[in-house]
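Have a look at the structure below, then the notes.
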Number of protein chains: 2
Amino acid sequence: MKRAHDDDRTETPCSIARTLEVVGDKWTLLILREAAVEGMTRFAEFKERLGIAPDLLSTRLGALVDSGVMVKQPYREPGSRTRFSYHLTPAGEELRLILAALQQWGDENRPRAVGPSMVRRSVDQGRPIRVAFVDDTGTAVPMDSVKFLRTASYPS
Amino acid sequence: MKRAHDDDRTETPCSIARTLEVVGDKWTLLILREAAVEGMTRFAEFKERLGIAPDLLSTRLGALVDSGVMVKQPYREPGSRTRFSYHLTPAGEELRLILAALQQWGDENRPRAVGPSMVRRSVDQGRPIRVAFVDDTGTAVPMDSVKFLRTASYPS
């Protein structure tokens, strides 16, 4: 499998664009939501919950496996044929931060009167969790205290 | 203009999906990158930097204005006709967190040999900034210490 970072000459220098090559599709992000937020693993579960056509789902899951975000595993229940489940790799688990950022923006800027359907909590103490910018001491900093700077690798 | 949150009955209960209704398109995200990360405002700048067809760009910018993420302003340079620039609203500025999360994932999971083309720094002290989960004390917590929980508003 050819990974994008094997060739600096042909790939885009923008990290946002490189991530969008993996997740920049609405169906793909909704599949990842089911996997990363809801804990779904089975092809049949994704299909039923998303109401997505099987061939479309199969293509999207295959692309996620090819890009190293998911791994495909066979499983077999008694009396049934072999089926497949899909599990997030460590790179896939890291997408939870992107999904949570999308979730948070929707909750804040497109709220529903009934409130959010899901919340984020710390595993140990159940504290409310949000996505934020943090500095190198692990302390949250306000959104308007962050700037983006071009490096020497920025295309001239 | 009808906003999604005007009607709880017809809109999706998933906040991620509601955000994707606004930004879930690759061109739209790249336009937002130019605006939020690079500080671009003018139609001609977006067009030139992205190499996007003018009608496509016009449609995407119009949708961003309709959804309250950008505002359109006329400007006029001496000797020229009136042109338009596009500026992020506060809701649009908050999308920087999503863009930074996409950027960070790309830098970590699709790195280039020459390093990232952009970095995030704190405005005042120039400290490195990353996107992370934080608890209600403003302290960063590890990715695997966060769980997503369904609320009473979760569709049954």
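The table for this structure:
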| item | result |
| --- | --- |
| Under the Karplus curve 6.51 cos²θ - 1.76 cosθ + 1.60, θ = phi - 60°, whole-Hz ³J(HN,Hα) for segment B:73-89, x wherever Gly or Pro sits | 10, x, 9, 8, 8, x, x, 10, 6, 5, 10, 10, 10, 10, 10, 5, 7 |
| Interchain or long-range residues, amide H under 5 Å from A:R127's placed H | A:S122 |
| Proxy reagent accessibility, fewest Cβ within 10 Å first, across A:T139, A:T19, A:T82 | A:T82, A:T139, A:T19 |
| Ranked list, fewest to most other Cβ atoms within 10 Å of each Cβ, for B:M70, A:M118 | A:M118, B:M70 |
| Among B:A100, B:S67, B:F84 - extreme Cα towards positive end, dipole of segment B:42-101, charges at beta-carbon | B:F84 |
| Calculated FRET value between A:R150 and B:R81, using beta carbons and R₀ = 35 Å, to 0.05 | 0.65 |
| Cα gyration tensor, the protein assembly as shown - rounded (a/c under 1.5), prolate or oblate | rounded |
| Test item: Cα-centred dipole of the protein assembly as shown, Lys/Arg +1 and Asp/Glu -1 on Cβ, debye | 360 |
| Nearest-first distances (nm) between copies at B:G115, label 7 Å from Cα via Cβ | 4.7 |
| Residue mean of other protein chain beta carbons inside 10 Å, B:135-143 | 6 |
| Gyration tensor verdict on chain A (Cα atoms; rounded if a/c is under 1.5, prolate if a/b is larger than b/c, oblate otherwise) | oblate |
| Two-decimal ratio, segment A:47-93, of alpha-carbon radius of gyration to 2.2 N^0.38 Å | 1.25 |
| Rel. contact order, % - alpha carbon contacts under 8 angstrom, at least six apart, chain B | 15 |
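Read-outs throughout are calculated quantities, based only on the coordinates presented, and are distinct from any laboratory measurement. Quantities reported herein were computed from a predicted structural model and do not represent experimental measurements. Heads up, the Cβs are rebuilt from the backbone with ideal geometry, glycines too, and the neighbour counts pull from every protein chain shown.
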